[in-house]
């Protein structure tokens, strides 16, 4: 595992996915100087519980919330691909859009969601999450590095790029853990920025703390530590 990559691209299905699954890691990487960009695949319009908010409004709300959450970590490069929330599939169109972001940002590491269902954490295995993860892995290999994949991207100045590692969130068998104890406050602040999604969770802080504690115990970190988990795969 590259402990401190020079750059990383986060590819997730929805606004708030990275903050729930890897916000502490993003905060830690940014503090260490890693340049980070976000690629959000859907418009997030199916989110929230308030029936008085139109779905068109929700699209705008969730983009704003994700940008505000990103600011907590010092991330300013946030791209929204605009695919339909709840209807995401690893299509060639999605692959191409992710390839374009990989070639634009030139990340050493791509952080994404698991294309494999996690039966112990079913809520993490939303169909959109698995689709985003599958499309991201297909974009990493073979498309982003292949000059003959999507040749029209070359005319836009988007040259082939080799990603070195993929860090996969919510994988059923993680093989690497990040101690986020010193960054839990930033993770919580980023989640609070997603007000349309988190105000209805009164025990949010307790849930996140318990989750981080459980992962840290699995990683055999000292008592009182918090962690996030990834399956890290070499991709270069």
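The values are calculated or read from the model by the stated rules, or taken from the named source; none is laboratory data. From a predicted model like this one, the values you see are computed outputs, not experimental measurements. Because the Cβ atoms are built from the backbone with ideal geometry, glycine has one as well, and the counts that use them run over all protein chains shown.
Quick notes
- Only one of 117, 145 that is assigned to a loop (DSSP other than H, G, I, E, B), modelled with pLDDT under 95 and on the phi < 0 side of the Ramachandran plot: 117
- Options 149, 190, 135; residue that is touching a strand residue (DSSP E or B) at 6+ places or on another chain (Cβ under 8 Å) and closer than 27 Å to residue 2 by Cβ: 135
- Residue in region 155-165 that is modelled with pLDDT of 95 or more, touching a strand residue (DSSP E or B) at 6+ places or on another chain (Cβ under 7 Å) and not in a loop (DSSP other than H, G, I, E, B) present: yes
- Filter result (surrounded by fewer than 17 Cβ atoms within 10 Å (Cβ to Cβ) and either free of Cβ contacts under 8 Å to residues at least 24 places away in the same chain or closer than 21 Å to residue 215 by Cα (or both)) within region 108-141: 116, 117, 119, 120, 121, 122, 123
- Helices (runs of 4 or more DSSP H) within region 1-107 that include 3 or more residues more than 20 Å from residue 178 (Cβ to Cβ): 55-73, 92-105
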